1. How do the pairs read when you match residues in segment 12-25 that are open to solvent by 90 Å² or more (accessible area, probe 1.4 Å) with residues anywhere that are part of a loop (DSSP other than H, G, I, E, B) and charged (D, E, K, R), using Cβ under 6 Å and keeping only pairs 6 or more apart or on different chains?
2. Can you name the residue in segment 206-217 that is open to solvent by less than 80 Å² (accessible area, probe 1.4 Å) and modelled with pLDDT under 95 and is also farthest from the chain's Cα centre (by Cα) among such residues?
3. Considering V201, V161, V150, which residue is modelled with pLDDT of 95 or more, more than 15 Å from the chain's Cα centre (by Cα) and aliphatic (A, V, I, L, M)?
4. Looking only at segment 176-190, count how many residues are open to solvent by 70 Å² or more (accessible area, probe 1.4 Å) and out of contact with any Ser or Thr (no Cβ under 9 Å at 6 or more places or on another chain).
5. Filter segment 120-147 down to residues that are at pLDDT below 95 and within 21 Å of G169 (Cβ to Cβ), then give me how many there are.
6. What number of residues within segment 37-57 are surrounded by fewer than 18 Cβ atoms within 10 Å (Cβ to Cβ) and either among the β-branched types (V, I, T) or assigned to a strand (DSSP E or B) (or both)?
7. Looking at (1) in a loop (DSSP other than H, G, I, E, B); (2) more than 22 Å from F101 (Cα to Cα); (3) open to solvent by 60 Å² or more (accessible area, probe 1.4 Å), can you tell me which one E84 breaks?
Amino acid sequence: DAGGSYDPYAPNAPLTIYACGLRNAYDLCWHSNGHLYVPTNGSSAGGNAPAGPTCPPIKDVSTAEDDWLFKIRKGAYCGHPNPEQNHYVLNGGHPTAAYTFGETFQYPLGTLPDPDFVPACYSFGKHASADGVVEYLGNAFHGKLNHQLVICRYNVGSDLVFLGLDQNGDVDSEMFGLPGASQLVNPLDVTEDDRTGNLYVSEYGALRITLIRPIRP
């Protein structure tokens, strides 16, 4: 960006690109299951997508992207184009007439996704602004929340979302609207004291740090 000559693809480069195509990823979480999870903020309508060897350009993208959670693997491309890295197709392209998760219907039918494309494992919907994330590890709630992802929805929702994961690391349950973890004011980040199960949330809109703690029966 500053016009330097650093090459992350050089054989002995100390800093390399692990995965790409992520848009506005505020936070990330290495989970104890070995997977890396990244919530992202999708783009609004009105942008453009570049032309590439297998796709035409898109002028004025007509719909906003969802905000997504990605389960990252090394070498993955997550759908946000960057011609400098030879990635041109927006999200999943438009491969078939049947709906495909993450497709961009403005492409001509038959436009295949990038060979390295890895779709998101969960959608927060549009304009949620999914930001801070942690893995819950406390012993509160008799362990019912253990190893779930706790994610801030800054905008739509203004709360914490709790996502359960299956043995493959994919999302298999969701909870939101929990007492004390909802009706927040633009929660931006979250952390946990795993000795107590207490959560600390930075509420950007209220300019405060809020303690959320289990209520003993």
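The values are calculated or read from the model by the stated rules, or taken from the named source; none is laboratory data. On a predicted model such as this, the values are computed, not experimentally measured, just so you know. Backbone-built Cβ (ideal geometry, glycine too); neighbour counts: all protein chains shown. Note: areas computed on protein heavy atoms with side chains; ligands, DNA, RNA excluded. Shrake-Rupley method; radii C 1.70, N 1.55, O 1.52, S 1.80 Å.
1. As it stands, the answer is Y18/K74, since those pairs meet every condition given.
2. Residue satisfying both the conditions and the ranking: P214.
3. V201
4. Looking only at that region, the number is 1.
5. 6
6. Of the residues in that region, 2 qualify.
7. Only one criterion in (1) in a loop (DSSP other than H, G, I, E, B); (2) more than 22 Å from F101 (Cα to Cα); (3) open to solvent by 60 Å² or more (accessible area, probe 1.4 Å) is unmet by E84, namely (1).
For every residue, the table says whether it meets (1) within 22 Å of S123 (Cα to Cα); (2) out of contact with any strand residue (DSSP E or B) (no Cβ under 8 Å at 6 or more places or on another chain); (3) not hydrophobic (A, V, I, L, M, F, W, C).
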residue	(1), (2), (3)
L160	yes, no, no
G164	yes, no, yes
G169	yes, no, yes
S173	yes, no, yes
S182	yes, no, yes
V185	yes, no, no
R195	no, yes, yes
E203	no, no, yes
